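Data first, discussion second: the structure below is written as structure tokens.
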Amino acid sequence: MRVHVVNVLRPTPDIKGQTLDRIASLARQVEAKGFTGLWLTDSFGRGRATLDPIVLMSAIAGVTQKIEIGTCVLQVPVRHPVELAHRIQSLHALTGGRLMLGLGSGSTQADFDLVGEDYTQRFKTLMSSLEIMRRAWRGEKLAGGTLTPWPGTEGGPAIMLGAWRNKRWIVYAAEQCAGWIASGLYPKPEELEAGIKFYRNAGGKRAVLSNVIIDLHGNAEDMPLGGKASVMLTGGEAAARKTLQWIRDVGFDDVLCMARPESIDDLARLRDAL
């Protein structure tokens with residue numbers, strides 16, 4: 001099982017003027033310590049300062065050479081599909097085969113409200129937007145014209161679909177996408193076990209468990225869900241190792257861990273023990 005890091009950079013007062021240095025330092029550290037990739041989350045309307053993941057991925061691409069760079073996951077329905085396809089095409093040109101594009105419908109109404117989009121129609125919008133984006137990357141004629149592919153990006157990057165527990169979307173990920181991204185924040189362990197079975201039975205090849213919080217020192221309160229997520233690497237090193245082994249044994253090919261910079265060494269030890 002491959003182990004990756006998810007960025008949890010916080011907008012602390014001392015970060016002013018240091019944002020690029022901080023994200024570059026994290027990216028170099030992730031690569032130097034042999035992790036498979038560095039991934040970014042996506043939110044902007046939830047009452048806290050965040051950074052655009054595509055912009056961050058471009059910066060990460062400039063200071064690394066080997067690691068995968070991914071989104072877990074990018075919310076498609078809150079953006080215009082052709083404009084988003086163009087931005088992703090640009091990122092694909094910069095990163096090549098390192099781009100792991102996790103896409104999803106979105107999960108929080110506040111992000112939709114901020115841009116005036118209909119949260120209740122997010123799944124329908126996701127499907128129509130994905131079709132438009134794929135056509136755009138192939139250089140096909142769209143309603144308003146054509147998006148000309150940049151050399152080397154024809155057809156677009158491989159897409160991984162983010163879905164929590166719904167069988168329909170998990171099967172879609174297996175049949176139509178390069179991978180399935182589940183979440184360690186919300187689904188119960190038994191739901192993840194069921195999801196893996198749906199995915200493999202449908203022929204799915206790459207199953208990813210994202211947003212797994214790691215904290216071996218009992219200070220996870222400032223992490224997502226106040227440190228009360230469904231699957232976490234907490235409770236000390238032995239307990240965290242046992243959970244990581246469970247993730248592997250359930251059948252996930254990759255685990256994406258939300259690790260503060262000071263937790264990177266802890267995660268590396270767990271990975272090496274696994």
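Odds and ends about this structure:
- Residue within the range 222-237 that is buried (at least 22 other Cβ atoms within 10 Å of the Cβ), outside any loop (DSSP other than H, G, I, E, B) and touching a residue at least 60 places away in the same chain (Cβ under 8 Å) present: no
- Scanning the range 4-44 for residues that are farther than 23 Å from residue 91 by Cα, in contact with a helix residue (DSSP H, G or I) (Cβ under 9 Å, 6 or more places away or on another chain) and not in a loop (DSSP other than H, G, I, E, B) gives a single hit, 15.
Residues are listed down the side, and each one gets a yes or a no for (1) without any contact (Cβ under 8 Å) to a residue 40 or more places away in the chain; (2) crowded, with 16+ Cβ neighbours inside 10 Å; (3) on the phi > 0 side of the Ramachandran plot:
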{"site": "37", "(1), (2), (3)": "no, yes, no"}
{"site": "45", "(1), (2), (3)": "no, no, no"}
{"site": "52", "(1), (2), (3)": "yes, no, no"}
{"site": "55", "(1), (2), (3)": "yes, no, no"}
{"site": "63", "(1), (2), (3)": "yes, no, no"}
{"site": "80", "(1), (2), (3)": "yes, no, no"}
{"site": "84", "(1), (2), (3)": "no, yes, no"}
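- Residue match in the range 47-65 (condition: more than 27 Å from residue 20 (Cβ to Cβ) and polar (S, T, N, Q)): no
- Evaluation of residue 173 against (1) out of contact with any strand residue (DSSP E or B) (no Cβ under 6 Å at 6 or more places or on another chain); (2) assigned to a helix (DSSP H, G or I); (3) closer than 21 Å to residue 77 by Cβ (one fails), failing number: (1)
- Flag for residue 146 being of a type in the set (S, T, N, Q) and either surrounded by 21 or more Cβ atoms within 10 Å (Cβ to Cβ) or touching a helix residue (DSSP H, G or I) at 6+ places or on another chain (Cβ under 6 Å) (or both): no
- Yes/no for residue 13 being farther than 30 Å from residue 245 by Cβ, buried (at least 22 other Cβ atoms within 10 Å of the Cβ) and not acidic (Asp, Glu): no
- Evaluation of residue 117 against (1) free of Cβ contacts under 8 Å to residues at least 24 places away in the same chain; (2) part of a loop (DSSP other than H, G, I, E, B); (3) not small (Gly, Ala, Ser) (one fails), failing number: (1)
- Of the candidates 195, 156, 204, the single residue that is crowded, with 19+ Cβ neighbours inside 10 Å and either at positive phi or of a type in the set (Asp, Glu) (or both) is 156.
- Filtered residues of the range 238-269 (kept if out of contact with any Leu (no Cβ under 8 Å at 6 or more places or on another chain) and not in a helix (DSSP H, G or I)): 251, 253, 258, 260
- Candidates are the residues of the range 154-170 that are in contact with a helix residue (DSSP H, G or I) (Cβ under 6 Å, 6 or more places away or on another chain) and outside any helix (DSSP H, G or I); the one that is farthest from residue 253 (Cα to Cα) is 155.
- Tally, over the range 159-186, of residues that are buried (at least 20 other Cβ atoms within 10 Å of the Cβ) and farther than 26 Å from residue 90 by Cα: 7
- Some residue of the range 177-190 being in a loop (DSSP other than H, G, I, E, B) and more than 20 Å from the chain's Cα centre (by Cα): no
- Those residues of the range 24-55 which are of a type in the set (Val, Ile, Thr) and over 18 Å from residue 223 (Cα atoms), in sequence order: 30, 36, 54, 55
- Looking across the range 129-147 at every residue that is assigned to a loop (DSSP other than H, G, I, E, B) and within 12 Å of residue 82 (Cβ to Cβ), the one that is nearest to the chain's Cα centre (by Cα) is identified as 147.
- Of residues in the range 197-242 being polar (S, T, N, Q) and under 20 Å from the mean Cα position of the chain (by Cα), the one modelled with the highest pLDDT: 210
The values are calculated or read from the model by the stated rules, or taken from the named source; none is laboratory data. Computed from a predicted model, the values in this text were never measured in an experiment. Backbone-built Cβ (ideal geometry, glycine too); neighbour counts: all protein chains shown.
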